[in-house]
Amino acid sequence: MTMAEFGIEALRWRDGVLELIDQRVLPHEERYLACRTAGEVAQAIRDMVVRGAPAIGIAAAYGVALAALAKGRADADVLAADLRCLAESRPTAVNLFWALDKMKARMAEAGCTPADLLALAAQIHADDIRMNQAMGELGAALIDGPCELYTHCNTGALATGGWGTALGVIRSAHAEGKVLRVTAGETRPWLQGARLTAWELQRDGIPARLACEGAAGSILREGAVRWVIVGADRITANGDTANKIGTYNLAVLARHHGVKFMVVAPSSTIDMAMESGELIPIEERPQHEVTTLKGLAIAPEGFAAANPSFDVTPAELIDAIVTERGVVLKPDAEKMRALMG
Ligand code: MRU
């Protein structure tokens, strides 16, 4: 299934322009923002127009293609400033750096043209959809019979080339009749769960409800949820996983309540060059994202806020990492090495 067939296209290439669905205004408005330069793509990533680790990587690849087409050159030295600007947009999702490295490797090949770079960006985009569908099947196979699931942030078609990672598993499990209900955590401060995941689940007709973050403990204690399923922004060589802030809380709660914890991510999210989770750069976003809601102050004027965008879940709290290459149960460094070959 292509994204166009599926009906949600987070990114699309139209007439020499990268169009991004503006995820800041969903679900109430569906509008696309046109990016014509690498700088505009980097800004869109920083501003959360496009977000989600795989989608950020795909957008960056198209950003490189835009720069090459404008300059008429597919040369990493000529495009150095554009590459730097894209690399500096957000620090945590390794898919961004993975995609830039792939584009640079293509440029290092003799005879590479701007059109080749555009073709590679489109390939990265198409491959991501295929990987998500493969992960969907592998992840769904781990889920026994009809049960409730819990997810966090948005890991669906909007966060990827299409279908989704954790939400892709939920989609596949739903298609197999295994989903009684999904609970989506609202995901403060950007509310990706409330605005984006709820929108995708509703479009798909998957039975679901929303919960505020603080409700997770009592929901898991009720016993109906069998799996917490999340995505990842970076998985290190030992299986430690960075994902949206609040993921670690869920992993601790899941272990305490005997609920299984699944991380779903393509191999482009695995950073074998980084040994363990404490080395992952965690993005700290502006304080006003926490102290305001839709521009309205919700805290006293001038009050300080912590706003780490991601946290790290240690491998020992993860029951399964699902990738397009296969499933790693109870991940550790040896199993991750075997997976990545
Ligand atoms: O800040 P965001 O919205 O880019 O964070 C997104 C997440 O943390 C996702 O869970 C992760 O990128 C996986 S998306 C398939």
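The values are calculated or read from the model by the stated rules, or taken from the named source; none is laboratory data. On a predicted model such as this, the values are computed, not experimentally measured, just so you know. Every residue, glycine as well, gets a Cβ built from its backbone with ideal geometry; the counts of neighbours run over all protein chains shown.
Couple of notes before you dig in:
- Residue within segment 316-331 that is among the hydroxyl-bearing types (Ser, Thr, Tyr) and in contact with a helix residue (DSSP H, G or I) (Cβ under 6 Å, 6 or more places away or on another chain) present: yes
- Segment 238-260, residues that are within 16 Å of Lys330 (Cβ to Cβ), more than 12 Å from the ligand (Cβ to nearest atom) and outside any loop (DSSP other than H, G, I, E, B): Ala251, Ala254, Arg255, Lys260
- For Ile298, the test of being hydrophobic (A, V, I, L, M, F, W, C), closer than 30 Å to Glu222 by Cβ and surrounded by fewer than 16 Cβ atoms within 10 Å (Cβ to Cβ) is passed.
- Whichever residue in segment 287-316 is under 20 Å from the mean Cα position of the chain (by Cα) and in a loop (DSSP other than H, G, I, E, B) and, among such residues, is nearest to the ligand (Cβ to nearest atom): Ser309
- Within segment 178-198, the residues that satisfy the criterion of being part of a strand (DSSP E or B) and within 14 Å of the ligand (Cβ to nearest atom) are Ala184, Gly185.
- Among the residues listed as Ala119, Ala208, the single one being among the hydrophobic types (A, V, I, L, M, F, W, C) and surrounded by fewer than 18 Cβ atoms within 10 Å (Cβ to Cβ): Ala119
- Residue check for Glu148: of a type outside the set (A, V, I, L, M) and free of Cβ contacts under 8 Å to residues at least 24 places away in the same chain: no
- The helices (runs of 4 or more DSSP H) located wholly in segment 31-119 that include 3 or more residues which are in contact (Cβ under 8 Å) with a residue 60 or more places away in the chain occupy 53-71, 94-107.
- The test for being over 17 Å from Met340 (Cβ atoms), assigned to a strand (DSSP E or B) and modelled with pLDDT of 95 or more does not hold for Val263.
- Qualifying residue in segment 73-80 (condition: within 30 Å of Pro308 (Cα to Cα) and either in the same structural domain as Pro281 (by TED's automatic domain parsing) or modelled with pLDDT of 95 or more (or both)): yes
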